[in-house]
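The values are calculated or read from the model by the stated rules, or taken from the named source; none is laboratory data. Just so it is clear, the structure is predicted and the values come from calculations on it, not from any experiment. Virtual Cβ from ideal backbone geometry, glycine too; neighbours counted across all protein chains shown. Remember, those area values only see protein heavy atoms, side chains included, never the ligands or the DNA or RNA. Shrake-Rupley method; radii C 1.70, N 1.55, O 1.52, S 1.80 Å.
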Amino acid sequence: MMGPGVEEPSFFSHHTSSFLDLMELHRAEQLPWNRVDEAGTEPLEIPHGTTVLAAAFPGGVVMAGDRRATSGNMIVNRELEKVAVADEFSLIAYAGAVGIAVELIRLFRFELQHYEKVQGRTLSTSGKANRLASMVRANLPAATMGMAALPLYAAYDEAEGRGRIFSYDVGGGPFEEGDFHALGSGSVFARGALKKLYRPDLTESELARACVEALYDAADDDTATGGPDTIRHIYPVLTVATAEGARRYTDEEAAAVARTVVDARLANPLGPTAG
């Protein structure tokens, strides 16, 4: 309640469970897709992040990403984090324009928190995927100007007791994927590796290694994807969502998985084979 004689802020009168809707009504100029210079007509040379992937196992889902950001043929960042925990049971990653993507992830987190505070309960996994789709759709005008940012969303679905993965196109999607999916310039190589290494019965630790193997193969053939850097101690980001919740692997845990992959490649540069 406001004190006597104090005018209630206008946004208090809008009872919506969508934080994005409130932003559109009251601070539309602060949304990332509304801050793009409309005078520009040529694609911009801006930092882009790749490659990210997600894969399901019987207890949940693992999501991983390399750390490199590029602009044209230049490496502009070697330690970019493209994978994050979205809420208690879900994960999000991105490929594409870094600035737009980082703000999109931040808005998505606020969207989930706002809904829970207003409604007193969390959105379903499908509901979260659809809310993210609306944000991607809103960025379409900016995407046509070279500011495309696409998310990869994964979650442990409490109602169904399994991990689920969703991808998006620039129009919003969403598309529910099967056992695994990859996004970014190195995705074709990462998916190819996972086709050989993936099994539905993999444990979390086995799947985490398979994901790093896939990122290693992507880095081997795609210059925009960075592999494990043992000199600088830069390793892929690994996250997992299970019935116990979502968490990011510690730097030490991720480094241990990556070093296992690198050590094995010293003896076999082409990596493990199917079977």
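The set of residues in segment 151-164 that are of a type in the set (A, V, I, L, M, F, W, C) and crowded, with 23+ Cβ neighbours inside 10 Å comprises L152, A154, A155. Scanning segment 99-126 for residues that are surrounded by fewer than 20 Cβ atoms within 10 Å (Cβ to Cβ) and more than 17 Å from the chain's Cα centre (by Cα) yields Q113, H114, E116, K117, V118, Q119, G120, R121, T122, L123, S124.
Results for (1) modelled with pLDDT of 90 or more; (2) not aliphatic (A, V, I, L, M), shown as yes or no for each residue.
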| site | (1), (2) |
| --- | --- |
| R35 | no, yes |
| R78 | yes, yes |
| V83 | yes, no |
| I105 | yes, no |
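When segment 93-135 is filtered for residues that are among the charged types (D, E, K, R) and touching a residue at least 40 places away in the same chain (Cβ under 8 Å), the ones remaining, listed by number, are E103, E111, K128, R131.
Applying the criterion of being assigned to a loop (DSSP other than H, G, I, E, B) and surrounded by fewer than 16 Cβ atoms within 10 Å (Cβ to Cβ) to the residues of segment 244-271, the residue that is farthest from the chain's Cα centre (by Cα) is N268.
Output the residue which, of all residues in segment 51-91 that are over 18 Å from A208 (Cα atoms) and polar (S, T, N, Q), is surrounded by the fewest Cβ atoms within 10 Å (Cβ to Cβ). Filtering segment 51-91 for residues that are over 18 Å from A208 (Cα atoms) and polar (S, T, N, Q), the one surrounded by the fewest Cβ atoms within 10 Å (Cβ to Cβ) comes out as N73. The residues on offer are D201, D217, D221, D229, and the sole one that is in contact (Cβ under 8 Å) with a residue 40 or more places away in the chain and open to solvent by 70 Å² or more (accessible area, probe 1.4 Å) is D201.
Among the residues in segment 177-184, are any among the charged types (D, E, K, R), under 16 Å from A274 (Cβ atoms) and either open to solvent by 60 Å² or more (accessible area, probe 1.4 Å) or within 15 Å of the chain's Cα centre (by Cα) (or both)? Taking every residue of segment 177-184 in turn, at least one turns out to be among the charged types (D, E, K, R), under 16 Å from A274 (Cβ atoms) and either open to solvent by 60 Å² or more (accessible area, probe 1.4 Å) or within 15 Å of the chain's Cα centre (by Cα) (or both).
S167 meets each of the listed conditions (1) surrounded by 15 or more Cβ atoms within 10 Å (Cβ to Cβ); (2) within 30 Å of D217 (Cα to Cα); (3) touching a residue at least 24 places away in the same chain (Cβ under 8 Å); (4) touching a strand residue (DSSP E or B) at 6+ places or on another chain (Cβ under 6 Å) apart from (3). Close contacts from segment 138-160, counting a first residue that is at negative phi and β-branched (V, I, T) and a second that is outside any helix (DSSP H, G or I) and open to solvent by 10 Å² or more (accessible area, probe 1.4 Å), with Cβ to Cβ under 9 Å and a gap of 6+ residues or different chains, come to T144/V170. State yes or no: is S185 among the hydroxyl-bearing types (S, T, Y) and in a helix (DSSP H, G or I)? Taking the combined requirement at face value, the residue does not satisfy it.
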